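FYI, it's all coordinate maths here, none of it is from the lab. Because the structure is predicted, anything quoted here is derived from the model rather than measured. Positions of Cβ are backbone-derived with ideal geometry, glycine not excepted, and every protein chain shown enters the neighbour counts.
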Amino acid sequence: MLTGQMYDPMDPELVDERLKARLKFQEINTTTEERKPERDQNFRNLLGAAGEGLWIEPPFYCDYGYNIKVGKSVFMNYNCCILDVMEVTIGNNVMFAPNVQIYTATHPLEAKARNSGREYAKPISIGNDVWIGGGAIVCPGVTIGNGVVIGAGAVVTKDVPDNVFVAGNPARVIKKIQN
């Protein structure tokens, strides 16, 4: 799975790992504001790595959790969904608006292979100082550069260079950002 090869998502070990992650984030998602420090620690325990200043607004969803590596000062708003079949690396000073979806999981285009039930994944990398707008989707294998803004509702299917604003479906560069 982690090498990008086709794998069986119904492998008992993987099913068990997804269930464990689901139980963790279900508990986190129902933790009240009065217990926010405990909730924050549980998020840190769920993720593979997390820098200082991580703030996630529940509900949050993922496949495994341990394939998500988060830098410093990262904010994820409500309903973030990260399918972390493969590694998702998120830099420092990154903001996700509500309903952002990050998908490493993918399926073959050919019907026969797709119907086998096997799938594969491609890693996603998000640079520093990135803002991803509400409802945006980042597709498998995409690398997002530093200083990028992704417009609300964008579907990012290709790599994004540094310091640009992208929007649309499929997302395309709208303009360069001067820093």
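Rounded to the nearest Å, what's the spacing between the alpha carbon centres of the range 5-80 and the range 127-164? Just the number, please.
First find each Cα centre; the distance between them is then 21 Å.
Note the full-extension length gain between Gln26 and His107 as 0.36 nm times their separation in residues minus their Cα-Cα distance, in nm to one decimal.
Full extension of this stretch gives 26.5 nm more.
At a Förster radius of 35 Å, what calculated FRET efficiency corresponds to the Cβ-Cβ distance of Glu38 and Thr3, to the nearest 0.05?
The value I calculate is 0.45.
Reachable lysines from Lys24, Cα under 24 Å, same-chain residues fewer than 8 places away excluded?
Partners within reach: Lys36, Lys69, Lys72.
What ranking of Phe60, Phe96 emerges when the number of other C-beta atoms within 10 Å of each C-beta is taken as an exposure proxy, fewest first?
Phe60, Phe96
Mind sorting Thr106, Thr32 by how few other Cβ atoms lie within 10 Å of their own Cβ, fewest first?
Ranking Thr106, Thr32 by Cβ neighbours within 10 Å, fewest first, gives Thr32, Thr106.
Find how much the distance from Tyr61 to Asn179 grows on full extension, using 0.36 nm per residue of separation minus their present alpha carbon separation; answer in nm with one decimal.
Working: separation 118, 0.36 × 118 = 42.48 nm, distance 3.31 nm.
Additional length available on full extension: 39.2 nm.
Would you mind getting me the FRET efficiency between Tyr78 and Asp11? Use the beta-carbon distance for r and R0 = 25 Å, nearest 0.05.
Working: r = 32 Å, r/R0 = 1.26.
In this case the efficiency is close to 0.20.
How many times 2.2 N^0.38 Å is the alpha carbon radius of gyration of the chain?
Cα-based Rg divided by the globular estimate yields 1.03.
To the nearest 500 deg cm²/dmol, what mean residue ellipticity at 222 nm is calculated for the chain from DSSP H runs of n ≥ 4 alone, each contributing -39,500 (n - 2.57), summed and divided by the residues? Please list the in-between numbers first.
On the way: 3 runs with 33 residues, N = 179.
Taken over the chain, the calculation gives -5500 deg cm²/dmol.
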